[in-house]
């Protein structure tokens, strides 16, 4: 199983029936493919839809129905559409249960940087700042390191997305939860030791005596 | 009042240097005919307020390709490498605004508000230059209204009173932008006789639409 699949399968277990969920583009989007049977969630697209689903067949593409990246998608029966003000009212107003977002860096306090690398990559924040500010739970889906360098740091070097801490960080090596005492190492991936995680983590971790192994959605 | 106007005549009303709100999200719901005509007529030094610049060759990306835009107010440009290139080369000024804040700033202008207070961006680069206001112990940024000379709206259905409805995710910024510009120009995929659109289906009232681009029948379509 590849690293990104581990992350997506683990995050899928965080979704509960009845949740309204927004998935960021890239790796977070793949979480939708692993929602366990019997768990019924609705996916929000910030371009104005609740009830997004993958396009069942390329021939069914509708020029007026896309995901936020502009790719054509489908909608489940019972879906609804709305304008950008309502879409971000849902996000900022605390109506969105979970958002899953990618990350460039996360620090010891759970603060996320995921929208720019000064002088190199300035794509803009899009909806990321609103999502981190307003969603009830913010889950970061990211690789533990970038080109061998830790992405989980004592302090972010890149511009922050929000001053609000995220709820959970899931990498291909570990599950981490920001707490008042620091970043708690909640789980390690199958075949990964606590030492494997600390060796590639710059932030100080709170490590319980017993760290369970990640469960993964089938 | 009949709001119909020919495509070329609609764009002739837009002077060089105008500020334009352009609906659409990654080009979905953008007024593609108006965009094409702006390129054909070669309008210059435009300020464009929109969610994004789509991608090269599509939607607002066509205005970027033709170098008609001097300043952009958008939430992201990550999908358009040409916009990024022009920004890095100093050919275009880009103001990046969080997407929800952008929608609310436009709404503030259109709804007659002096601004809105948002928690989004507090303590980040998005807070630079913005006034911080505390309400009930919580910090907010004062997001000021954004208005424009013209709003270019992509609707799904219209009548010649200018009543507009939208389809699925093509609605996005269109209805709020139609409230926030001095002159509102709409195009629609289909135009129906007045009275056909049920009042409950109208999202943008015709009263605020100044011009509706007429259909052109080409090759029987």
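Would you say residue A:101 is touching a residue at least 24 places away in the same chain (Cβ under 8 Å), crowded, with 24+ Cβ neighbours inside 10 Å and either away from chain B (no Cβ under 13 Å) or over 17 Å from residue B:98 (Cα atoms) (or both)?
On the way: touching a residue at least 24 places away in the same chain (Cβ under 8 Å): yes; crowded, with 24+ Cβ neighbours inside 10 Å: yes; either away from chain B (no Cβ under 13 Å) or over 17 Å from residue B:98 (Cα atoms) (or both): yes.
For residue A:101, the condition - touching a residue at least 24 places away in the same chain (Cβ under 8 Å), crowded, with 24+ Cβ neighbours inside 10 Å and either away from chain B (no Cβ under 13 Å) or over 17 Å from residue B:98 (Cα atoms) (or both) - is met.
Here are some residues: A:146, A:135. Which one is touching a helix residue (DSSP H, G or I) at 6+ places or on another chain (Cβ under 8 Å) and more than 20 Å from residue B:87 (Cβ to Cβ)? Even if it seems obvious, please write down each step before you answer.
Values: A:146 fails: touching a helix residue (DSSP H, G or I) at 6+ places or on another chain (Cβ under 8 Å).
Answer to the selection: A:135.
Report yes if some residue within segment A:20-32 is within 14 Å of another protein chain (Cβ to nearest Cβ), crowded, with 23+ Cβ neighbours inside 10 Å and assigned to a loop (DSSP other than H, G, I, E, B); otherwise report no. Can you show your working first?
Looking only at segment A:20-32, we keep the residues that are within 14 Å of another protein chain (Cβ to nearest Cβ), and these are A:22, A:24-26.
When the remaining residues are screened for being crowded, with 23+ Cβ neighbours inside 10 Å, the result is A:22, A:24.
The next check asks that each one be assigned to a loop (DSSP other than H, G, I, E, B); those that pass are A:24.
Yes; the residues of segment A:20-32 include at least one that is within 14 Å of another protein chain (Cβ to nearest Cβ), crowded, with 23+ Cβ neighbours inside 10 Å and assigned to a loop (DSSP other than H, G, I, E, B).
Show me the helices (runs of 4 or more DSSP H) found entirely inside segment B:46-113 where at least 3 residues are surrounded by fewer than 20 Cβ atoms within 10 Å (Cβ to Cβ). Can you show your working first?
On the way: elements: B:61-65, B:81-88, B:99-110.
Where helices (runs of 4 or more DSSP H) fall fully within segment B:46-113 and carry at least 3 residues being surrounded by fewer than 20 Cβ atoms within 10 Å (Cβ to Cβ), they are B:81-88.
Taking into account only those residues within segment A:165-186 that are in contact with a helix residue (DSSP H, G or I) (Cβ under 6 Å, 6 or more places away or on another chain) and in a loop (DSSP other than H, G, I, E, B), which is surrounded by the fewest Cβ atoms within 10 Å (Cβ to Cβ)? Working first, answer last.
Taking segment A:165-186 and keeping what is in contact with a helix residue (DSSP H, G or I) (Cβ under 6 Å, 6 or more places away or on another chain), we get A:170, A:172-174.
From what's left, in a loop (DSSP other than H, G, I, E, B): A:172-173.
Values: A:172: 20, A:173: 26.
So, considering only residues that are in contact with a helix residue (DSSP H, G or I) (Cβ under 6 Å, 6 or more places away or on another chain) and in a loop (DSSP other than H, G, I, E, B), the one surrounded by the fewest Cβ atoms within 10 Å (Cβ to Cβ) is A:172.
When the residues of segment B:114-140 are filtered to those that are in contact with a helix residue (DSSP H, G or I) (Cβ under 7 Å, 6 or more places away or on another chain) and without any contact (Cβ under 8 Å) to a residue 24 or more places away in the chain, which remaining residue is surrounded by the most Cβ atoms within 10 Å (Cβ to Cβ)?
Across segment B:114-140, the extreme among qualifying residues is B:120.
Given the conditions (1) under 15 Å from the mean Cα position of the chain (by Cα); (2) within 14 Å of another protein chain (Cβ to nearest Cβ); (3) not in a strand (DSSP E or B), which single one is not true for residue A:138?
(3)
Go through (1) free of Cβ contacts under 8 Å to residues at least 60 places away in the same chain; (2) surrounded by 15 or more Cβ atoms within 10 Å (Cβ to Cβ); (3) within 14 Å of chain A (Cβ to nearest Cβ) one by one and return the number of the condition residue B:166 breaks.
So residue B:166 meets the others, but not (1).
Go through segment A:104-123 and report how many residues are surrounded by fewer than 24 Cβ atoms within 10 Å (Cβ to Cβ), part of a loop (DSSP other than H, G, I, E, B) and free of Cβ contacts under 8 Å to residues at least 60 places away in the same chain.
Matching residues across segment A:104-123 total 8.
State yes or no: is residue B:42 out of contact with any strand residue (DSSP E or B) (no Cβ under 9 Å at 6 or more places or on another chain), without any contact (Cβ under 8 Å) to a residue 12 or more places away in the chain and either more than 14 Å from every other protein chain (Cβ to nearest Cβ) or surrounded by fewer than 24 Cβ atoms within 10 Å (Cβ to Cβ) (or both)? Walk me through how you get there before you give the answer.
Values: out of contact with any strand residue (DSSP E or B) (no Cβ under 9 Å at 6 or more places or on another chain): yes; without any contact (Cβ under 8 Å) to a residue 12 or more places away in the chain: no; either more than 14 Å from every other protein chain (Cβ to nearest Cβ) or surrounded by fewer than 24 Cβ atoms within 10 Å (Cβ to Cβ) (or both): yes.
Considered against the rule, which asks whether it is out of contact with any strand residue (DSSP E or B) (no Cβ under 9 Å at 6 or more places or on another chain), without any contact (Cβ under 8 Å) to a residue 12 or more places away in the chain and either more than 14 Å from every other protein chain (Cβ to nearest Cβ) or surrounded by fewer than 24 Cβ atoms within 10 Å (Cβ to Cβ) (or both), residue B:42 comes out as no.
Rule-based calculations on the coordinates, nothing more; no lab input. These numbers come from a predicted model, not from an experiment. All Cβ positions, even for glycine, are placed from backbone atoms using ideal geometry, and neighbour counts span all protein chains on display.
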